[in-house]
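Participant: One structure follows; several queries about it will come next.
Derivation of every value follows stated rules applied to the coordinates shown; laboratory data play no part. Computed from a predicted structure; not experimentally measured. Neighbour counts run over all protein chains shown; Cβ positions are idealised from the backbone, glycine included.
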Amino acid sequence: MLEDFLDSVQQSIFADYDGKKQGYLRVPETQYNLPFTLIKGASSGKNLLITAGIHSCEYVSIEAALRLSRQLKPSLVHGSVLILPIMNISGFQSRQTTVVPEDMKNLNRVFSGDPKGSNSEKIAAFLSGGIFPHIDFYADLHCVCQFEELVPHLYFYGDKAQNSSAEASKYINVPFAVRSSSTNSACGCAANLGIPSLLIERGGNGIWSESQVSDMLSDIYNLMRYLGILDGEAKLFSPKELTGCKFIDDFPAGLWYPEKSSGSYFKKGESLGFIRDAFGGVIKNYIAPYDGAVLYQTASLWADSFCDLIAFGKTD
Ligand SMILES: [Zn+2]
């Protein structure tokens with residue numbers, strides 16, 4: 001039972017009434033107290049897990065998950081919804097972007113984790129070993145980091161769960177979808193256990209706005225209607241699948257001058273951008289290998305391996 005596990009790691013309770021339970025969970029063998037909200041529906045249905053803040057400064061997703069925790073009424077829910085809005089809590093509170101400050105690891109690259117490992121690995125093990133066995137569907141909310149900009153998009157995860165992940169992805173209102181075979185991310189790990197999983201990306205640049213949060217919430221509400229957790233008909237959006245995606249993470253450091261903005265389409269052979277030295281000299285020109293579209297890219301003038309330079313995929 002999910003509740004038995006939550007009770008075993010419960011640190012303190014903020015509220016417990018009429019099907020809603022809120023408080024803090026202690027990640028075993030760490031100092032981390034993670035806020036949680038468990039909404040237990042009035043009738044049976046699927047068990048949905050929503051996480052945000054696996055990357056600490058992705059504020060649109062964190063704020064959307066916090067609002068959902070406050071808004072969602074148990075009387076309207078079939079099944080249950082567990083919301084963990086700030087997974088990398090020490091990174092969030094120290095405004096350390098992307099990594100867990102205590103071990104400087106990217107939490108979304110250490111799954112399935114290790115309960116005896118470093119702090120990131122312990123958080124990952126807490127999710128994969130403690131919570132994943134009790135859920136039917138997983139949505140992990142993200143943005144790009146403060147040095148990047150994006151067009152909203154999603155990743156659906158597979159192997160055993162790929163068909164149901166792909167089907168669910170059609171109900172998210174973003175222009176592009178990408179099939180992922182990652183196994184060391186939270187969604188990839190869940191998908192390997194047979195749990196359909198989606199990662200939704202909205203926002204970035206270390207900021208958040210009402211309209212972005214509202215769009216992310218609309219995605220989650222529509223997903224809950226698709227899953228039968230909420231009543232009502234889910235709206236079909238069918239994002240375009242990009243294939244052969246390239247995430248340029250190995251490149252010479254320098255100043256980045258993009259030629260295309262995120263979300264824009266390009267033709268094979270067009271320049272996507274230049275890395276230049278401090279005197280304007282071209283260190284590298286990135287040429288499109290096919291017709292495609294840009295998903296996200298570095299937004300700061302300086303580019304190095306801390307963030308991907310640019311990510312794009314094929315449109316045909
Ligand atoms: Zn992220």
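Participant: Taking 7 Å along the Cα-to-C-beta vector as the label spot, tell me the Tyr17-Leu236 distance in nanometres, rounded to one decimal.
Facilitator: 4.2
Participant: Between Asp114 and His78, how high is the FRET efficiency from 1/(1 + (r/R0)^6) when r is the Cβ-Cβ distance and R₀ = 25 Å? Nearest 0.05. Mind showing how you got there, number by number?
Facilitator: Details: r = 35 Å, r/R0 = 1.42.
It comes to 0.10.
Participant: Rounded to whole Å, give me the distance from the Cα center of region 123-161 to that of region 1-29.
Facilitator: Region 123-161 and region 1-29 have Cα centres spaced 21 Å from each other.
Participant: Can you sort Glu102, Glu148, Glu233, Glu201 from fewest to most other Cβ atoms within 10 Å of each residue's own Cβ?
Facilitator: Details: Glu102 17, Glu148 22, Glu233 8, Glu201 25.
Going from sparsest to densest Cβ surroundings: Glu233, Glu102, Glu148, Glu201.
Participant: For region 195-316, take the alpha-carbon Rg, divide it by the Kirkwood Rh, and send me Rg/Rh. Before the final figure, lay out the partial values.
Facilitator: Details: Rg = 17.7 Å, Rh = 16.6 Å.
Reported Rg/Rh (Cα atoms, Kirkwood Rh): 1.07.
Participant: In the neighborhood of Ile54, defined by Cβ-to-Cβ distances under 13 Å, what is the net charge if each Lys or Arg adds +1 and each Asp or Glu adds -1?
Facilitator: On the way: positive: Lys105, Arg109; negative: Glu58, Asp140, Glu201.
That sum, taken over residues with Cβ under 13 Å, equals -1.
Participant: Oh, and also: Could you work out the pair-distance distribution P(r) of the chain from its alpha-carbon pairs, with 20 angstrom bin width and percents rounded to whole numbers?
Facilitator: Here the calculated profile for the chain is 33, 57, 10, 0.
Participant: Can you give me the distance in nm between label points at Ser209 and His134, each placed 7 Å from the Cα along the Cα-to-Cβ direction?
Facilitator: My value for the distance between the label points is 3.8 nm.
Participant: Continuing with this model, one more query. Say each of Glu259 and Asn184 gets a label point 7 Å from the Cα, pointing the same way as Cα to Cβ; how far apart are those two points in nm?
Facilitator: Each label point lies 7 Å from its Cα, and together they span 3.3 nm.
Participant: Right, here's the next one. Report the residues of region 239-258 in range of a label on Phe279: point 7 Å along Cα→C-beta, backbone N strictly under 16 Å from it.
Facilitator: Backbone N within reach: 255.
Participant: If you place +1 on the Cβ of every Lys and Arg, -1 on the Cβ of every Asp and Glu, and leave all else neutral, what size is the dipole of region 77-181 about its Cα centre, to the nearest 20 Debye?
Facilitator: Working: 8 positive and 10 negative charges, 12 e Å.
Here the size comes out at about 60 debye.
Participant: Filter the cross-link list Lys20/Lys170; Lys20/Lys46; Lys20/Lys240 down to pairs whose alpha-carbon distance in this structure exceeds 25 Å. Write out the running numbers ahead of the final one.
Facilitator: Working: Lys20/Lys170 29 Å; Lys20/Lys46 16 Å; Lys20/Lys240 37 Å.
In this structure, Lys20/Lys170; Lys20/Lys240 lie more than 25 Å apart at Cα.
Participant: Follow-up. Given a Förster radius of 30 Å and the C-beta distance between Arg26 and Leu193 as r, what FRET efficiency does 1/(1 + (r/R0)^6) yield to the nearest 0.05? Could you put the intermediate results ahead of the total?
Facilitator: On the way: r = 23 Å, r/R0 = 0.78.
FRET efficiency, Arg26 to Leu193: 0.80.
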